[in-house]
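**Student:** So that we are looking at the same thing, I have put the structure below in structure tokens.
The values are calculated or read from the model by the stated rules, or taken from the named source; none is laboratory data. It should be emphasised that the depicted structure is a prediction, and the values quoted were computed from it without experimental measurement. Neighbour counts run over all protein chains shown; Cβ positions are idealised from the backbone, glycine included. Just the protein is used for accessible areas: all its heavy atoms, side chains included, with ligands, DNA and RNA removed. Shrake-Rupley method; radii C 1.70, N 1.55, O 1.52, S 1.80 Å.
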Amino acid sequence: MKSNYRFFLTISFMLFACMTYAQLLLVTDQNTNNFQGLLADNGISYKQYQTVDEALANANRGDGLMVLAGTTGAISKRQAHQMKDRELKVYVEYPSYLTSDKPEIKKINLERGVISSNTIAGVAPMSIVTLNDQYFYCYTHPSSIMSIAKVAGFDKAEYGLTDTESYPGMFQEGQFLVSSVALSNQPKSRFGPTEVWNRIWQFVFRHVGIEVDTLILNVDVRPTFERNAILHTEDFTQSINRGLQWYQHSKLLIHEDWVDIVGQYTKKNGEDVVFPPVSDRSPVGDGSLGILEGHASYINQDGTQPIRWWIRADCQAETAFAFSSGYLLTDDKQYASIADNLLQYLYKASNLRGGERSDPASTSYGLIGWATTDPDAYYGDDNARVLLATIGASSNLQTETYFPYIIEGILGNFRTSGKSGFRGPWFRDAKLQTLTWQELFDSELTNIHPHYECWLWANYLWLYDKTGYEPLKSRAVKAIQTTMENFPVWKWTNGIQQEYARMLLPLAWLVRIEDNELHRYWLKMVANTLLQDLDECGAIKERLGIVGLGRYDKVRSNAEYGVKEAPLISEYGDEVTDLLYTLNYASFGLNEALAATQDTLYKKSLDKINSFFVKAQVRSEVHPDLDGAWFRAFDFNRWDYWASNADSGWGPWGTQTGWTQSWVLNSLMSHIKQTNFWDTTQDIGKNKKFQEIFENRKQHMLKLN
């Protein structure tokens, strides 16, 4: 028995001594796409070679071989034969290829990757991934593991692949796993969602002989905190500071050294304005030449994002509001200077209040243009936010300079609204010049669409509180009453949640001026409807409205994807929150509702939302122009920046200096200081100059019997 045991040990030792362990060989002449970092993070050892022949010369039977980006050209028949002969487990990606003739090359535009089989464990067929800004080969193959196609859907190709042009993105030929795109660019190019890419890499590594149970995917752009992190007071303060610093790190404040580029890149209607940012070495402006809109929802191959080279009125005022609030919190006088410069640019240096808008005889008097390249468009919701932000900044800076613009702006919008307080979504100046303001003021119009209408009502209620001018109140109340009587049959923009979020502010201020059971009931009803989708983490799940009432309804086909404004979701249940249209305004409105009612529901909800803001803020050492920002979309189930990128202008990875950054920052600063807009701006109404200007403009702008 003992001799048999010794014999077994001897044979085992000899076999062990003769055994050659499989190794991983990389073929690439680059170390710039972070793929080697992915291997290192997961403890995967490898040997790197610059050519396929060099790797083959060092390969043993059964080794794994990955021919990666940085290696160009065909895998020759000789090389393929050697690989088969040695039973190598091979992965080949763009720009290398297996075919005798080089395939046609295309570049990703609106296309995404679609997992088109059940081959990858844990990834359902039709799951979507991004392949940002990559070139790919137009292979033909009967059985794809992943396809490349333009498809609609949140994280699944909702309408399949039958009616859209598609190409094999990944397929298997015996021992060869072939990708038509350079998947090794994933870490640097920020392919998403991370959760799915974790599974894809496990599949690829398994093919080349490496088993990784739990893969670590470190990303260059990530949320600041994990979902369950415990926050402290200093975390909120740091978030605010990073959010304010983002305005400068992003280099969106226009500087005289590169102001000429703005003229080259910007366009009339905000389309075709996406271009690279200025260089890292370029100086940052001080606000006197304005600020650009933000980052486009497009990720370049190097992981950077281009800029929307467009100067909007709302972004000027809202950014000024953020800087002015930052000045109060930090006593940083540079913040005060930037805020004032932005307002000076908006109201005096630019054309946004010029031309007919500054002519007392014009129907357009007092209105604020949409953008410097399209100043003759007047959106009610944009005007409303410009005016509220100007009020907030004026209060913070303790300045009377902008009192005339505040009063003219509110009265200019008020007198171009109808009898019932509705104004419609927007006007063109050419149309206004054919009408008198009296015709508009006496018109019959109902537009149950809070996104476009209701923050103007908040402006009217605010000004009524400061002046006692009854028509401001009566028309605002009538519009609010009509809207609430039609609840929940409301028009909606990109989703219904944003309509509820916007409605909170005028309802809260209605309680301020007429605190009664009905007004509190209206406020609570809208809040409860919105907050039923408040997740414990502080995100509010998006929801589509009634079919047929949406301005930018659900994308209905693959062909529609990416050609118009669109929701972030495909259906209710997609766990995404919107920081451009919903959560940013919900927090501001809830803070005013809390101040008006002291209702603990609003406080508990606000605490969650503000904590979410801190956690979801972008952290990136690699891309400092993104660090401290908030993207439009956040998938709070995956805890990742993910949503449908169907919106043609403002998708999930976009930043916005006004709509998003300013209102989030002001929400956090109100949270820290335990303040609210209504109370902090009360002194404006007590200002003698403000009252004198109001009486003067009222007489000239509203000559009513």
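**Student:** Considering only residues of segment 231-272 that are of a type in the set (Gly, Ala, Ser) and not in a helix (DSSP H, G or I), which is nearest to SER620 (Cα to Cα)?
**Tutor:** Only one residue tops the list, namely SER250.
**Student:** Another question about this same structure. Anything in segment 490-507 that is assigned to a helix (DSSP H, G or I), among the hydrophobic types (A, V, I, L, M, F, W, C) and in contact with a Ser or Thr (Cβ under 8 Å, 6 or more places away or on another chain)? List them, or say none.
**Tutor:** If the condition is that a residue be assigned to a helix (DSSP H, G or I), among the hydrophobic types (A, V, I, L, M, F, W, C) and in contact with a Ser or Thr (Cβ under 8 Å, 6 or more places away or on another chain), then ALA501, MET503 are the ones that fit.
**Student:** Taking the stated definitions as given, is LYS554 over 17 Å from PRO488 (Cβ atoms), among the charged types (D, E, K, R), touching a residue at least 12 places away in the same chain (Cβ under 8 Å) and in contact with a Pro (Cβ under 9 Å, 6 or more places away or on another chain)?
**Tutor:** yes
**Student:** In segment 49-78, how many residues are at pLDDT 95 or above and among the polar types (S, T, N, Q)?
**Tutor:** 2
**Student:** Another question about this same structure. Report yes if LEU594 is in contact with a Phe, Trp or Tyr (Cβ under 7 Å, 6 or more places away or on another chain) and in a helix (DSSP H, G or I), otherwise no.
**Tutor:** yes
**Student:** Name the residues in segment 609-635 that are within 24 Å of LEU388 (Cβ to Cβ) and open to solvent by 10 Å² or more (accessible area, probe 1.4 Å), would you?
**Tutor:** Across segment 609-635, there are no qualifying residues.
**Student:** Further question: Within the group ASP213, ASP133, which residue is outside the structural domain of TYR298 (by the TED database) and closer than 28 Å to ASP101 by Cβ?
**Tutor:** Result of the check over ASP213, ASP133: ASP133.
**Student:** Need pairs with beta-carbon distance below 7 Å; first residue farther than 14 Å from GLN398 by Cβ and within segment 682-694, second acidic (Asp, Glu) and at pLDDT 95 or above; sequence gap 6+ or separate chains.
**Tutor:** GLY685/ASP465
**Student:** Answer with yes or no whether ILE299 is over 20 Å from the mean Cα position of the chain (by Cα) and either among the β-branched types (Val, Ile, Thr) or in a strand (DSSP E or B) (or both).
**Tutor:** no
**Student:** Kindly provide the set of residues from segment 536-548 that are assigned to a loop (DSSP other than H, G, I, E, B) and either out of contact with any strand residue (DSSP E or B) (no Cβ under 8 Å at 6 or more places or on another chain) or surrounded by 16 or more Cβ atoms within 10 Å (Cβ to Cβ) (or both), ordered by number.
**Tutor:** Correct list: GLU536, CYS537, GLY538, ALA539, LYS541, GLU542, ARG543, LEU544, GLY545, VAL547, GLY548.
**Student:** Restricting to segment 72-121, and then to whatever is outside any loop (DSSP other than H, G, I, E, B) and either acidic (Asp, Glu) or touching a Lys or Arg at 6+ places or on another chain (Cβ under 8 Å) (or both), can you tell me which residue is most open to solvent (accessible area, probe 1.4 Å)?
**Tutor:** So, considering only residues that are outside any loop (DSSP other than H, G, I, E, B) and either acidic (Asp, Glu) or touching a Lys or Arg at 6+ places or on another chain (Cβ under 8 Å) (or both), the one most open to solvent (accessible area, probe 1.4 Å) is ASP85.
**Student:** Looking at segment 224-239 only, could you name the residues that are open to solvent by 80 Å² or more (accessible area, probe 1.4 Å) and of a type in the set (A, V, I, L, M, F, W, C)?
**Tutor:** Result: ILE230, single match.
**Student:** Can I ask one more? Restricted to segment 184-223, and to residues that are free of Cβ contacts under 8 Å to residues at least 24 places away in the same chain and farther than 26 Å from ALA616 by Cα, which residue is surrounded by the fewest Cβ atoms within 10 Å (Cβ to Cβ)?
**Tutor:** Top of the filtered list is ASP213.
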